[in-house]
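Engineer: Following this message is one structure expressed as structure tokens.
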Amino acid sequence: MATLMKAWVILLVYLASGRHDTLARCKPRKDTCPSAWTLWDGNCYKATPDELDWFGARAQCEGIIGGKMATPKSLQESLFMGTLALNVWINCNDIQQEGTWNCTDGVTEIPYRNWFDNEPNNDGEGEDCVFMPNDKGNWLDVPCDGPLKTVCKQPIQP
Ligand SMILES: [Ca+2]
Ligand SMILES: [Ca+2]
């Protein structure tokens, strides 16, 4: 009984102190990204739930998930994306012209490249899509049929 009283006193002191308000105000703002998206450097990110071919993954970002299939602009962004999902498609292909890589975040062209040694090599019957397989952020060209997840990206909401 004494323990219960003590707990009540501690709770009342806590509530009276206003500390709970302070703690609430110190929480990171979550209203900048939609629920279940992760904020990183001014953009919101979310991994797709399903493993699909490259086109299906891109469509899943633009459809049910929202945002655009991401291409990292830096090693830092690649490593961040690796915390959401390993083994992902990124928004790069050389489908239009063999060897000319079209990399985009769905809005602007991305000049950043991080190929593994001896990649891209358009191996076998041709490899036109880009796979980021590990947490080091290196890229390989592979056939576009996967199936793999991807990471979707969108700007923070105003
Ligand atoms: Ca190719
Ligand atoms: Ca390759």
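Engineer: Using only the Cα atoms of the range 32-155, what are the Rg and Dmax in Å?
Structural biologist: 13.3, 44
Engineer: Taking other Cβ within 10 Å of each residue's Cβ, how do E62, E51, E77 sort, fewest first? Mind showing how you got there, number by number?
Structural biologist: Details: E62 13, E51 16, E77 22.
Lowest to highest Cβ neighbour count: E62, E51, E77.
Engineer: Run the quick spin-label model on N102 and F116: label points 7 Å from Cα toward the beta carbon, then report their separation in nm to one decimal.
Structural biologist: 2.5 nm
Engineer: Quick one, what does Rg over Rh come out to for the range 85-142 if you take C-alpha atoms and the Kirkwood Rh?
Structural biologist: Dividing the radius of gyration by the Kirkwood radius yields 0.94.
Engineer: Only residues of the range 118-158 count here: report those whose backbone N is under 19 Å from the spot 7 Å along Cα→Cβ of D50, or say none.
Structural biologist: Counting backbone N atoms under 19 Å from the label point, the list is 144-153.
Engineer: Over what distance in Å are the Cα centres of the range 129-154 and the range 37-80 separated?
Structural biologist: 10 Å
Bear in mind that the values in this text are calculations on the coordinates, not laboratory data. Just so it is clear, the model here is predicted, and its values are computed rather than measured. Every residue, glycine among them, receives a Cβ derived from its backbone with ideal geometry; neighbour counts consider all protein chains shown.
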